[in-house]
Each structure stands twice: as structure tokens, then as C-alpha cells.
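The structure appears below as C-alpha cells.
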Amino acid sequence: MALPYFKNHDVTLRFDECGRQNLHSTKRIYGLVKLKQIATLIEVLDLESNPRDSKVSSITNDIIETLETTPELYPLKSKGILLAATKYSEKDRDRFELDFVERSIEGVLDGGHNLLAIGHFLMQQVLEDPKDLRDLRAAKIWTDFKSLFKKHIDLVHEFLSGDDSTLQILVPVELLLPLSDSELDKNNFERILIDIQEARNNNAQLKLETKADKAGLFDDLKSYVDSSIRQRIEWRSNEPGDVKVADLVALAWIPLTALEMTPFDEDKKPINAPSPVQTYSQKSVCVTRYNDFMSSPGVTTSPRGKAELTNVQVLSALKIAGADMPKLYDLIAKKFPEAYNANNGRFGGITAVEKLNSGAKSKLTKFTNETMTYKSPEGFLAPLVYSLKALLVKGVDGNISWRVDPYKFVNNYINDMVKPYSEVMKEAEFDPQKVGKSSAAFNSCLSTTENIMLRMLTR
């Protein structure tokens, strides 16, 4: 059974109380759309163009309560849904046939929580089996809800073909379209979509990581990360993932600083790399500087609204950052306790280590999720990992590469790397916070790794 209003295009929306405005290269349509038609949006769209994956929260619960108790007030209490499409056809009776061509910038720009709340409310009417309703309550994030929605799509279609009064609830919708079919208007429209989306989400205190992902600034970095690691990273707010993207961005600055490159922003101001200490203690700074760095005119361009990397030297650094740095971080994390003990130490006896591992159900590496003997405080690991910068070399073409195999280097020389470092830890009273915030710790590890590598190369 086909959905109502569902033809050879993605979706048709009919607006009640329809208003129109022409602004810049954009046509703005606003009004009220029946919930019955919003169901088609849920079927044909995901939230690629929304900077965050929506998540059930007190906000969505309040929206559902309004839909249940005072649906006539919903258009007054909600800002509704903001949509954008570059391909459309306007029909009679304020109907618009829409095709969402470039899903990364078209679709739901704002109002993902409203769409999720409407979806939950709709499925509460559709589902009857107690198990299915339990599954619905467990679908807290958009991706899980969408999977459940698709699983029961036949029941949804059957419900939409009826005349239940809930299908007549009016939802505020704002629709952005190109002003005309001219290439100039279309190109201008595509370029401003991300800016519009960011501005509309500022009130929600959108995380910079999420904006960077939406703008495409993580795309090349992401492409080099192993799929098993990539799916564990939370690239944007509320997306499934137990590893923060800021952790990866902090590691990315190791090869990026090896470029010895200082690009400028649009105001000709230099964009400086974070300090080694900041890669541990101020990861928000690492993300901010990464965003500025990758947005620089000398690094990327944005002809269609999303960043496109044009600097091959930066690409060489991002390849190392994505393909190697997470795995090298975990390799050091696994090897460090044994190397510390090999230098007449007792790693398990360090108070911070004992506290971290006491009662821990599982001891797994951060990125690769592999079993290890001890979990190490990040403040102890950060200087050692940063010291791998000594293994990077900038070629005559400006590209970054490894001088030696970094995995073999760590496996063969981790004991030598840790030997002088254990004294640094001792001087900091084995406090991982003091170690991780000490520029002396980073300098010491970097110098040690440089010396080991030079000795190895001259043999």
C-alpha cells in the first residue's frame, strides 16, 4: 500500500495557512502541514542534513505530551520543522512536490527532535503488541527509531489509510527552496544552507564537533579510519558511539603540527596549532583550532556548501591521523604497563592506576576495543603518544610520512621510551594530571623518541 501523497518524487506537502517570502536566492514557504503528511518525511528522510541525531529527552517527552493532551496548541507551542530542498515543483492548492537530492545538506535542517517526537507519538497509535511498544520506548535515538519504523511500515501505511483524528493534527513547517531554476540561484542557495542550519541551531548550543562534521571538515579524516573504529566514534551530538571525536582530533594534531604549516583565516589572521599539553588537557581547543585550520581558504573550499579539501599536504597528515594514530595510541596503552615494570617499576602499585582499575569490569583499549592488562590514566599516555611526532618526516613535496614503521618502533623500543619517562612521572608524584599538563613531560618524551630513532637509523 502506497503512502498518501507519495508519487514519483520524495514527498508532497500541502500547506494550510500558507505564506511566502522571497529572500536573497531563497524562496521561503511557511504554514501548517497535517501530521499524516509528516509521516512521509519520516519514511523518506533520515537526519543527514541535521547537525545532530535526535534523542528522546525531556524535550521530546514534552512535545509528545502536547500532541496527546492539547494537539490544537501544538502549532503555537512548537517551532516545528525546517526543511530544505533544491529540486521541487509547485502545484495548485499550496502543494509542493519535493526531491531531496543532496541529502547531506537538504532535508531536515532543524526540528529533528520535533520529528522524532511526532514519530514516537504516531507509532504509539500504530502499535498494539506490548513487546512492540517496549521496543518503541527503547528506541531513544533517531537511528534506532527509524529502524523500528521501517520494521512496522506496513502497519504504518494501514494506519495512514484510515481517518484517525490524530492524523489531522497540524504541524508548523518552514520550507526553503531556491528562488529560481537559474544556476546562480541554485549555487547560492546550496552555499547558504549550512550557514542557515548553524544559525538556527545556535540556540541549542550546538557543539563545534557537530558543526564541523556537518560542514564536512571530518570527511577526509573519517575516510581513513578503520571501519571498526569509525563506527565507535561519536562524530556528532547524540550519534551512537562511545569514543568522542575530540579524542581523535587531538591525535590528528600530531601529524598536522609536523606539517609546520600556519594557514590564515579569511581575516588574514594566523591559525596556530594547539600546544602539546592542550592535546591532553584542552581538547575543546583542539577541535576549535581544527575547525579553523580546516576551514582556512588555503586548506579547503566550499563550492557546494560542504568543505572540499584542496591541500594535498594536509591530506597526507589526515591519512596518518586516521589510519595510524588511533591504533598507535592503543598499542602504547597496551605496552606501557609492561614497559614501566621492565624499568624496575610497579605499575599496578601507582595510586592513580590502582584507582582506575579497581572494580573495572573490563579493561579495553579506547579505539580498537582490545583487551589489556591495565587501564592507564590518559595523562600518563599523552606525552608518549605525542612523542611519535619524532617519527614523522616532511618530504620535499611537503607531504608527511613515517620515517620508520611506527608499529615496529613501538613494539621494539617502548621500554627505552619509558625508561627516562618514569623519572618524569616520579617527579610529578605519579599524578596523571600533573604529568599530562607538564610541557616538560612532552618535551622529554619527544626528545627520547628522537634520540632512539636517530640511534636506530645510524646503526
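Set the Förster radius R0 to 41 Å, insert the Cβ-Cβ distance between residue 131 and residue 168 as r into 1/(1 + (r/R0)^6), and round the FRET efficiency to 0.05. Display every interim value, and only then the final one.
Numbers: r = 29 Å, r/R0 = 0.72.
Using R0 = 41 Å, I get an efficiency of 0.90.
According to the Cα-based calculation, Rg over Rh for segment 11-204 is 0.96, with Rh computed by the Kirkwood formula.
Once the mean of 1/r is taken over each pair of separate Cα atoms and inverted, the chain shows a Kirkwood hydrodynamic radius of 24.9 Å. Taking other residues whose beta carbon is less than 9 angstrom from the beta carbon of residue 258, and scoring Lys, Arg as +1 and Asp, Glu as -1, yields +1. Working ranking of peptides 168-178, 150-160 by packing, defined as the average number of other Cβ atoms within 10 Å per residue, highest first, is 168-178, 150-160.
Checking the cross-link pairs 408/437; 34/186; 268/366 against a 32 Å limit on the alpha carbon distance flags 268/366 as lying beyond it.
Out of the trypsin sites (Lys or Arg not before Pro) in segment 262-355, which ones are loop residues according to DSSP with at most 14 other C-beta atoms within 10 Å?
Of the trypsin sites (Lys or Arg not before Pro), the ones in loops of segment 262-355 whose Cβ has at most 14 other Cβ atoms within 10 Å are 268, 346.
Here is the link list: 222/394; 91/151; 55/389; 269/394; 151/327; 79/146. Which ones come out longer than 30 Å on Cα distance?
Working: 222/394 22 Å; 91/151 32 Å; 55/389 39 Å; 269/394 24 Å; 151/327 37 Å; 79/146 22 Å.
Checking Cα-Cα distances, 91/151; 55/389; 151/327 exceed 30 Å.
Under 5 Å between amide hydrogens, built in the peptide plane, is the criterion, and for residue 179 it picks out 26, 27 among residues at least 5 positions away or on other chains.
Sorting the segments 32-40, 291-299 by their residues' average number of neighbouring beta-carbon atoms within 10 angstrom, most packed first, yields 32-40, 291-299.
Between the amide H of residue 430 and any residue lying 5 or more places away or on another chain, no distance stays under 5 Å, with hydrogens modeled in the peptide plane.
Which whole number of Å³ per residue matches the convex hull of the alpha-carbon atoms in segment 83-167?
127
The stretch between residue 450 and residue 22, if pulled fully straight at 0.36 nm per residue, gains 147.9 nm over its current Cα-Cα span. Averaging 1/r over every pair of different alpha carbons in segment 208-323 and inverting the result gives a Kirkwood radius of 14.1 Å. Computed 3J(HN,Hα) for segment 212-218, one whole-Hz value per residue from the Karplus formula 6.51 cos²θ - 1.76 cosθ + 1.60 where θ = phi - 60°, is 4, 5, 4, 6, x, 6, 9, glycine and proline marked x. In units of the rule-of-thumb radius 2.2 N^0.38 Å, segment 339-459 shows an alpha carbon radius of gyration of 1.14.
Where a number appears in this text, it was derived from the coordinates with a stated rule and is not lab data. The model shown is predicted, which means the values in this text are computed figures rather than measured ones. FYI the Cβ positions are ideal-geometry reconstructions off the backbone, even for glycines, and counts take in every protein chain you see.
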